[in-house]
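The values are calculated or read from the model by the stated rules, or taken from the named source; none is laboratory data. Because the structure is a prediction, the values reported are computed rather than measured. Methodologically, a virtual Cβ is constructed for each residue, glycine included, from the backbone with ideal geometry; neighbour enumeration extends over all protein chains shown. Side chains are part of the model used for accessible areas, which takes the heavy atoms of the whole protein and leaves out ligands, DNA and RNA. Shrake-Rupley method; radii C 1.70, N 1.55, O 1.52, S 1.80 Å.
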Amino acid sequence: MKIVREHYLRDDIGCGAPGCAACGSAHEGPVLEPQPLDPASSLCPQPHYLLPDTNVLLHQIDVLEDPAIRNVIVLQTVLQEVRNRSAPVYKRIRDVTNNLEKHFYTFTNEHHRETYVEQKQGENSNDRNDRAIRVAAKWYNEHLKKMSAENQLQVIFITNDKKNKEKAVEEGIPAFTCEEYVKSLTANPELIDRLACLSEEGNEIESGKIIFLEHLPLSKLQQGIKSGTYLQGTFRASRENYLEATVWIHGDAEENKEASIILQGLKNLNRAIHEDIVAVELLPKNQWVAPSSVVLHDEGQNEDDVEKEEERERILKTVVNEKMLKPTGRVVGIIKRNWRPYCGMLSKSDIKESRRHLFTPADKRIPRIRIETRQASTLEGQRIIVAIDGWPRNSRYPNGHFVKNLGEVGDKETETEVLLLEHDVPHQPFSQAVLSFLPKMPWSITEKDMKNREDLRHLCVCSVDPPGCTDIDDALHCRELENGNLEVGVHIADVSHFIRPGNALDQESARRGTTVYLCEKRIDMVPELLSSNLCSLRCNVDRLAFSCIWEMNHNAEILKTRFTKSAINSKASLTYAEAQMRIDSASMNDDITVSLRGLNKLAKILKKRRIEKGALTLSSPEVRFHMDSETHDPIDLQTKELRETNSMVEEFMLLANISVAKKIHEEFSEHALLRKHPAPPPSNYEILVKAAKSKLAISVEIKTDTAKSLADSLDRADCPTFPYLNTLLRILATRCMMQAVYFCSGMDNDFHHYGLASPIYTHFTSPIRRYADIIVHRLLAVAIGADCTYPELTDKHKLADLCKNLNFRHKMAQYAQRASVAFHTQLFFKSKGIVSEEAYILFVRKNAIVVLIPKYGLEGTVFFEEKDKPQPRLTYDDEIPSLKIEDTVFHIFDKVKVKIMLDSTNLQHQKIRMSLVEPQIPGISIPTDTSNMDINEPESKKKKLEK
């Protein structure tokens, strides 16, 4: 069989230089400047364009993105290679070429008659591409000479490849390395900091002593994994201990704790960084270790004191019983690096005039990074971003380069930016491409919109939300029918009407996955025109909705369910408090109030029935800040108050979600997007069961064999002398739960939602702020014939990938929200000074107690061992659990009094510190009047069950 490949060459591809007579107006899109007025280069003083090769684009993208670098020719050969090798860099380079101020021009050299080159016999594709790039550079220089003899425009070839540069110079092409060129820009010395340091030799530490074993090449690793000599997995560094990490082995369920290998010691971690995909070798059983209970942070100033590290590694190897030993291994090679730009702070070198400094990332799981910078004094006390370039075998730390200064540490804007970057929350403004898919204003419902839609604008619909809510997803109505039954409707914003499958707006919403609510900022999943206006079910305006309507009897039993796309006009947007007031007011009997009373009555019956089935009512201390209207600083902090109306709305949202889940699974058994909540393994409950029994005076029994028995025993756990006990037990029970996740019905057979005691569940009611709901709307619309399907919607593998991203985004959003609360809590205590409050013990540790302060919903740790202070006598009993300090015994749920203050000694990790005031323990408790104590750190970690 003969294969013929055709490759078309053209004469009409423009060079990108405006005013070029030879090319005429053949340029498309952004073009170069006619007279590049770029920063003067001491190497090439005349006006010039730059033409980088593939590696420069891949590794020096931070330099190329700098505003000082303009007029760059990006060859098609280079762009294709970048696309194949790094999707993130490819996206960044596309963004730069679309930025008109940068004057980056993409030249289609592979289809230009004079710059296309064929692969020679015996020439590998890499050499062929290098030659193609040189041919294009040479052509450009000759082509531009024709343009005008007087102003000699040059094209400068930028490459870090020694051989390629030599060949270019031989061929008469002006060529420099990226470093040479950047250093020649005398007006922009700060650019040098952004250079990635790639030459492994030049940056070795003077001592040159080999610390680490060599990484094996990929081919060897793949053979080893195939034969079972090595295991492949994801490297997860420890927050608590920089000399320890876990590798989660691929191919086993993430939850399966057996599928992990522990690594201890610098040499065994072998330069792997958090989230890298690595190959590990299991060590013989006599070298297995137990996870360490020691907290170790890398605080040494002396960068290369490896002996000291070895001494610290010995501390980890405490004597443990056989049962505690875990499979232990070492990293033999890196399969895929998962580096990202890291936020953190500069630890300035003590050596005067030194350009080499260590950067300490905010994320404790990332090692410190050595960077070179000339602006260390300006960067001190600032939050900066640094990228890693490489980690040589004889360097204690990886090498990297400075990328960007975010602003002053502690500043609210800066810290919010850090928090979003560190949790990988996409928060850039929406691009023009995305915004172009928004409807044109003024918008109104047209006849075309009403096709396949019911007009429900006559119904008395209202919404109930928290105060200040502008993205109103849902509205409700309830009315009596002629047959004496009740009609109840849940009306959800019809976001999928505005966001059509596959366009830029849809892709961006899918990437974001969820709206992220910080303490005083909302990062929208969809542009504001939709979230706060066209999709928001505000009152007295016509809006498109997706309605779920039930006919019920007065005992809240569903007789009929129907789904329809609709048009509604909400008669009132109420807060929970306003709705509650109407329900309770004897004098109000208007339509809205009557509707609310009907809904509330049914909701109570629904809730009672749900709880009887075994649904859990858990508790988590949620905090509300009251902000100063001028400074936007938190002036008051209190736990959220929940009303009956909160519960009323929740009941109908749950009911709608369950009804829709059943419907889409009936229609699409293989590709319904559902949400499940796995039952926790029994071991998760140990702490709850022990805690309930630990205090003799109030010992209660908690049964955990089913959700129902847990719910019942929590309801029975009541103590008249200790009313807060029940809340504490529910908070602890929340900590035992698993994370709820999205999944595709065709890829899983366990659908059960443990917390809600429902056999099937999904998310339908918040499409403005969750992308999962948009997919569910699309499935439901196809099921009822209100919209057409598209290939990705019925591809279970695509849906499974989408669920993976949604689960990641939801988890990150949760962590970012907690970090925001923690930061605002710090601001609050910074202005409040030192306070003493009542607290309850949630956990006892070997050398500390973890307490909860109900007044603020705040959690923290009181440590009992401090550096440079006499050590108290501590006895820890894991069985009860209890901690004896000198002669005082602490149990879970004991009431104590603690002093709370902000400790700013470590600028990067400011902490709320707590110290014991009562009970009095000589040498441990502090008298109530001291004002500048330094007590060790709290780690506030909350696992909250998201339904």
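If you check R500 against the conditions, is it more than 26 Å from the chain's Cα centre (by Cα) and either farther than 23 Å from R522 by Cβ or open to solvent by 10 Å² or more (accessible area, probe 1.4 Å) (or both)? Write out each step before concluding.
Details: more than 26 Å from the chain's Cα centre (by Cα): no; either farther than 23 Å from R522 by Cβ or open to solvent by 10 Å² or more (accessible area, probe 1.4 Å) (or both): yes.
Against the criterion (more than 26 Å from the chain's Cα centre (by Cα) and either farther than 23 Å from R522 by Cβ or open to solvent by 10 Å² or more (accessible area, probe 1.4 Å) (or both)), R500 does not qualify.
Here are some residues: V89, V72, V96. Which one is of a type in the set (A, V, I, L, M), touching a helix residue (DSSP H, G or I) at 6+ places or on another chain (Cβ under 9 Å), at pLDDT 90 or above and surrounded by 14 or more Cβ atoms within 10 Å (Cβ to Cβ)? Steps first, answer last, please.
Details: V89 fails: at pLDDT 90 or above; V96 fails: at pLDDT 90 or above.
Answer to the check: V72.
Residue-wise test of (1) open to solvent by less than 40 Å² (accessible area, probe 1.4 Å); (2) among the hydroxyl-bearing types (S, T, Y); (3) at pLDDT 85 or above.
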residue: A237; (1), (2), (3): yes, no, yes
residue: Y242; (1), (2), (3): no, yes, no
residue: W248; (1), (2), (3): no, no, yes
residue: E258; (1), (2), (3): no, no, no
residue: I261; (1), (2), (3): yes, no, yes
residue: N302; (1), (2), (3): no, no, no
residue: T318; (1), (2), (3): no, yes, no
residue: G333; (1), (2), (3): yes, no, yes
I'd like to know if segment 743-755 contains one or more residues that are within 24 Å of I499 (Cα to Cα), touching a residue at least 40 places away in the same chain (Cβ under 8 Å), open to solvent by 40 Å² or more (accessible area, probe 1.4 Å) and not in a helix (DSSP H, G or I). no
Which condition number in (1) under 24 Å from the mean Cα position of the chain (by Cα); (2) within 30 Å of R643 (Cα to Cα); (3) among the charged types (D, E, K, R) is the one that E480 fails? (1)
Which of the residues that make up segment 784-811 are surrounded by 19 or more Cβ atoms within 10 Å (Cβ to Cβ) and more than 30 Å from M450 (Cβ to Cβ)? L799, L802, C803, L806, R809, H810
Contact list, first residue from segment 356-383 and assigned by the TED database to the domain that holds R271 and surrounded by fewer than 16 Cβ atoms within 10 Å (Cβ to Cβ), second anywhere and assigned to a helix (DSSP H, G or I) and among the aliphatic types (A, V, I, L, M), beta-carbon distance below 7 Å, six or more apart or interchain, is R374/I192
Can you tell me how many residues within segment 475-529 are over 30 Å from A819 (Cα atoms) and in a helix (DSSP H, G or I)? 4
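Yes or no, residue by residue, for (1) under 20 Å from Y724 (Cα atoms); (2) touching a Phe, Trp or Tyr at 6+ places or on another chain (Cβ under 7 Å):
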position: Q814; (1), (2): no, no
position: A822; (1), (2): no, no
position: A839; (1), (2): yes, no
position: F843; (1), (2): yes, no
position: A848; (1), (2): no, yes
position: T875; (1), (2): no, no
position: L883; (1), (2): no, yes
Can F843 be described as at negative phi, crowded, with 19+ Cβ neighbours inside 10 Å and in contact (Cβ under 8 Å) with a residue 12 or more places away in the chain? no
Run down L456, L481 and say which single residue is in contact (Cβ under 8 Å) with a residue 60 or more places away in the chain, touching an Asp or Glu at 6+ places or on another chain (Cβ under 9 Å), surrounded by fewer than 24 Cβ atoms within 10 Å (Cβ to Cβ) and of a type in the set (A, V, I, L, M). L481
Just checking, does segment 22-36 include any residue being assigned by the TED database to the domain that holds P174, of a type in the set (D, E, K, R) and either without any contact (Cβ under 8 Å) to a residue 40 or more places away in the chain or outside any loop (DSSP other than H, G, I, E, B) (or both)? no
Exactly one of (1) in contact with a Leu (Cβ under 7 Å, 6 or more places away or on another chain); (2) open to solvent by less than 10 Å² (accessible area, probe 1.4 Å); (3) within 15 Å of C343 (Cβ to Cβ) is unmet by N405. Its number? (2)
Just one of the numbered conditions (1) open to solvent by less than 30 Å² (accessible area, probe 1.4 Å); (2) at negative phi is not true of S836; which one? (1)
Based on what the data block shows, is I73 in a strand (DSSP E or B), over 30 Å from the mean Cα position of the chain (by Cα), assigned by the TED database to the domain that holds L57 and closer than 17 Å to L50 by Cα? yes
